[in-house]
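What follows is one structure encoded as C-alpha cells, with my remarks underneath.
The values are calculated or read from the model by the stated rules, or taken from the named source; none is laboratory data. All values reported here derive from a predicted model rather than from experimental measurement. Glycine gets a Cβ as well: all are built from the backbone with ideal geometry, and neighbour counts include every protein chain shown.
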Amino acid sequence: MLAGEIRDRMIEVTSKNGGHLAPNLGVVELTIGLHLALDSPRDRIVWDVGHQAYVHKLLTGRVKDFDTLRQHGGLSGFPKRDESPHDAFNSGHASNSLSVALGLAVGRDHRASDEHVVAVIGDGALTGGIAYEALNQAGHVGSDLIIILNDNEMSIEGNVGGLSCYLNRVRLDPTYNRLRDDVEQVLRRIPAVGEKMVSFGETWKTAVKQFLVPGMLFEELGLKYIGPIDGHGIEDVRKAILMAKKLSGPILIHVLTHKGRGYEPAERCPDRFHGTSPFNIKTGEQLKKKSQIPTYGQVFGRSLAKLAADNKRIAGITAAMSQGTGMDLFAAAHPDRFFDVAIAEQHAVTFAAGLASQGLKPVVAIYSTFLQRAYDQIVQDVCLQKLPVVFVLDRGGLVGDDGPTHHGAFDLSYLSHMPEMVVAAPKDEAELQRLLGTAIASERPFAIRYPRGAGPGVPLTDDFSPLPIGRSELLVDGSKVAVVAVGKMVAVARRAVQDLRDSGIDCALVNARFVKPLDTKLLTELGDRCELVVTVEDNATIGGFGSLVAQLLSPTAGARVVNFGLPDQFVGHGDVDRLHQEVGLDPESLANKIRAIINTHDKREVGSIIG
C-alpha cells in the first residue's frame, strides 16, 4: 500500500538524518488524497510551516533524492520554490499560509486563470494572528480558495487557548457534525411553533446554529465549512476536495488526523518525534547519547525557576515552545506565573509589556528567528515605553539542518538599533546565569541571546550576581591585534588567537558580553594601541556588532577595524560546524584571514572592512 511505503521511507530517512517525523506521519493519507484530487503543480498547494511536506516531496518526483533530506546540499526539510515547481511557496514559520494562498488566488483571478489554490494549515498554526487576518480578508474578497485545517490537537506541544477548546468541542461530539446540514429540518418538526421559528428568519437560525453546529466561527467570517472528516481516509479527503472544487468562494475543510500515525514510538510521544535527531527504528531511542552537559535552554530554565523562588515579580512567557526554550522547567516550578500564549509571538511581547506596566518582571523566551515576527511590538510596546521586559533568545546564530528559515542570523542587528534596549550574549553557561541575574535586576528592556544546544560545559554555581552593564571581559592581553568576539564566537576566537600567538603575533582577546551598550573605554584603549581590531560574531555582519565597533573606533582610533560575521546572503542547511567553515567562522579560517591581513602590510587609510 502506498501509504505504508511512504511511512516506511520517511521513518528510514529520518532515523538517519533526523527531521520532523511525527507531523509527516500524520498527513500521509491527507496528502495522497490531496494530490489525487488536484493537478499539481498547476494547482497550487501552500504548506503552513512546511515541516509536514515530506509526503508531498515523495509524491512529486523527489524519491531518489530523499536520502539527502536536511543534508548539506540536499533536499530542504521545508518547501522551496527553487527545489521543485510543486512547491508553491517557501515555508518555515507558522501561520502565513492563508495569506500566501489568498494572494495566489487573487493573483490567479487577476490573470483570468482557473487553477485551484489550497492552503494546508494545522490547528496550532491557526492560533497565529496573521491567520485570522487572512481569514477575515478571504471572506471579504470571496475568491475561490480551499483551506485544509489539519486538526491533530498539537503543534510542537499541546495547543492552548480558546480556538483549541472550540476545535475540541467539534472533535469530541459527533452530534454537531450530524446537525450541521439539518438544523432547519429539526426546527420544522417542532409542533405548532416549528414553522414560525423557521419563518422568523435568518437571525434565529444563525443563533441556534452557532450554539449547535461546528464551523460557524468560519462561516461567520464568510467561509463555507466542510467537516470534520477523517484525515486518514484517502477517499474521504479526495471527495471533500472534489466537493470544494465545485463550490465558489473560500471553503474550509476540517480534517482530523493523528500526529505520529503508523509508528508506535511517534504515536506514543509525538512531541519528541516532532523534530527528532537520528534514532533506532525498532526502539525509537535516540542514537546520539544524551550529553551530560546541559543545554543553554536547560540552564536558563533552571536559573529562572531559582530566581523566581525569591522574586515573586518574575513571570515566564513563551509562544508554544516551552520545552524547546527550557521554559517548561520554570512552568513546573511556578505554574501560576507561567503563560504559554500559543503561536502568537506578537501577542507574547505586548502581553509582557502589559505585565511589566503593572510591576511584574516578565521574561519572554522565544527562538531568535521567531522573535523577528514581533519587531514592531518590541519597539512600540516595550522600548518606547521603557518597560523592563527580558527577552531570552535561544537558537541565536546558525542552527543547522533546518536552514535559513530557522537561523538566528539577525537578532544582534535588529535589537541593537532599538533605543533603550540592552543586548547581551554569554560566552558560556555560567555567564548566562549572571546575565540573567543582570537582566532581572535591571529596569530596562533587556535581551540575551545564545546558540542552540549545549555550551562549553563550565562548572555551574548559583551565582546570579549582576554584571556591570556595558562592561566586557579582557581574556588575553596583547598589543598588535585585538580580537573582540560575541557569544559562541568567543570559543572560536580563543582558538584562533592561540594559533596566532603561537606563530608570534601578539593578540588580545576580548569577550564582548554586551553588544549594546558597548564597552567604549576598553575598545577605545585597544583601538589606540593595536594595529588591527577584529570583531567576530555569528550574526549578519551588516548592521551587527562589528558595525557598532567600527562606528565607535573608525573616526579616531589608529587601528584598522575588520568585521567577521555572516555574509550578506541566506546561509543554507547542514551541519553547523560545516556551515561555519563555509562562511569562514571556524578557528582555522579566522586565524588565516587575520594573518593574511597582517601580512599584506596594507597602508590604506584607517577604516572598516567586512570579512
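To keep it simple, each residue is scored yes or no on (1) among the β-branched types (Val, Ile, Thr); (2) within 25 Å of Pro23 (Cα to Cα); (3) out of contact with any strand residue (DSSP E or B) (no Cβ under 6 Å at 6 or more places or on another chain); (4) at pLDDT 95 or above.
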site: Phe273; (1), (2), (3), (4): no, yes, yes, no
site: Gln292; (1), (2), (3), (4): no, no, yes, no
site: Tyr296; (1), (2), (3), (4): no, no, yes, yes
site: Ala309; (1), (2), (3), (4): no, no, yes, yes
site: Ile314; (1), (2), (3), (4): yes, no, no, yes
site: Pro335; (1), (2), (3), (4): no, no, yes, yes
site: Lys361; (1), (2), (3), (4): no, no, no, yes
site: Ala365; (1), (2), (3), (4): no, yes, no, yes
| message | Against the definition (at pLDDT 95 or above and part of a loop (DSSP other than H, G, I, E, B)), how does Asp82 come out, yes or no? | response | no
| request: Take region 371-408 and flag every residue that is of a type in the set (A, V, I, L, M, F, W, C) and more than 18 Å from Pro445 (Cα to Cα). | output: Leu398, Val399
| Residue list for region 60-104, restricted to those being without any contact (Cβ under 8 Å) to a residue 60 or more places away in the chain and either surrounded by fewer than 17 Cβ atoms within 10 Å (Cβ to Cβ) or among the acidic types (Asp, Glu) (or both) | Gly61, Val63, Lys64, Asp65, Asp67, Thr68, Arg81, Asp82, Glu83, Pro85, Asp87, Gly103
| message | Among the listed residues Arg313, Arg373, identify the single one that is in contact with a helix residue (DSSP H, G or I) (Cβ under 6 Å, 6 or more places away or on another chain) and of a type in the set (Lys, Arg). | response | Arg373
| said: I'm checking my understanding of the structure. Among residues of region 2-34 that are within 26 Å of Leu149 (Cβ to Cβ) and without any contact (Cβ under 8 Å) to a residue 40 or more places away in the chain, which one is nearest to the chain's Cα centre (by Cα)? | reply: Asn24
| query | Of all residues in region 296-343 being surrounded by fewer than 20 Cβ atoms within 10 Å (Cβ to Cβ) and polar (S, T, N, Q), which is farthest from Glu429 (Cα to Cα)? | reply | Asn311
| task | Hey, could you check region 576-597 for residues that are acidic (Asp, Glu) and surrounded by fewer than 14 Cβ atoms within 10 Å (Cβ to Cβ) and say which is nearest to Arg501 (Cα to Cα)? | result | Glu588
| When region 105-142 is examined, which residues are found to be part of a loop (DSSP other than H, G, I, E, B) and buried (at least 22 other Cβ atoms within 10 Å of the Cβ)? | Asp123, Gly124, Gly128
| message | Out of everything in region 389-401 that is in a loop (DSSP other than H, G, I, E, B) and not β-branched (Val, Ile, Thr), what residue ends up being farthest from Asp67 (Cα to Cα)? | response | Gly396
| note | So, first residue in the same structural domain as Ala119 (by TED's automatic domain parsing) and closer than 22 Å to Asn152 by Cα in region 240-255, second residue surrounded by fewer than 24 Cβ atoms within 10 Å (Cβ to Cβ) and among the aromatic types (Phe, Trp, Tyr), Cβ within less than 8 Å, six or more apart or across chains; the pairs are Ile251/Tyr225; Leu252/Phe218; Leu252/Tyr225; His254/Tyr225
| query | Can you tell me how many residues in region 457-479 are closer than 14 Å to Leu526 by Cβ, modelled with pLDDT under 95 and not small (Gly, Ala, Ser)? | reply | 0
| task | Look through region 497-515, keep the residues that are among the acidic types (Asp, Glu) and either touching a Phe, Trp or Tyr at 6+ places or on another chain (Cβ under 7 Å) or touching a residue at least 12 places away in the same chain (Cβ under 8 Å) (or both), and return whichever of them is surrounded by the fewest Cβ atoms within 10 Å (Cβ to Cβ). | result | Asp506
| query | Which of the following residues is within 22 Å of the chain's Cα centre (by Cα) and either assigned to a helix (DSSP H, G or I) or under 30 Å from Ser91 (Cα atoms) (or both): Pro426, Pro404, Pro362? | reply | Pro404
| query | Has region 273-286 got at least one residue that is without any contact (Cβ under 8 Å) to a residue 12 or more places away in the chain and of a type outside the set (D, E, K, R)? | reply | yes
| request: Report yes if Asp87 is of a type in the set (Asp, Glu) and either part of a loop (DSSP other than H, G, I, E, B) or closer than 23 Å to His35 by Cβ (or both), otherwise no. | output: yes
| request: Say whether the condition of being buried (at least 24 other Cβ atoms within 10 Å of the Cβ), assigned to a strand (DSSP E or B) and outside the structural domain of Pro567 (by TED's automatic domain parsing) is met by at least one residue in region 381-388. | output: no
| remark: Condition set more than 31 Å from the chain's Cα centre (by Cα) and farther than 21 Å from Ala493 by Cβ, scope region 555-575, selection surrounded by the most Cβ atoms within 10 Å (Cβ to Cβ): answer is Gly558
| query | What is the one condition in (1) within 14 Å of the chain's Cα centre (by Cα); (2) farther than 24 Å from Ala308 by Cα that Tyr367 does not satisfy? | reply | (2)
| In region 407-423, which residue that is in contact with a helix residue (DSSP H, G or I) (Cβ under 7 Å, 6 or more places away or on another chain) and in a loop (DSSP other than H, G, I, E, B) is nearest to Arg452 (Cα to Cα)? | His407
| Does Asp336 qualify as being out of contact with any Phe, Trp or Tyr (no Cβ under 8 Å at 6 or more places or on another chain) and without any contact (Cβ under 8 Å) to a residue 12 or more places away in the chain? | yes
| request: Filter region 417-428 for residues that are crowded, with 22+ Cβ neighbours inside 10 Å and farther than 24 Å from Arg313 by Cβ and give the result. | output: Ala425, Lys427
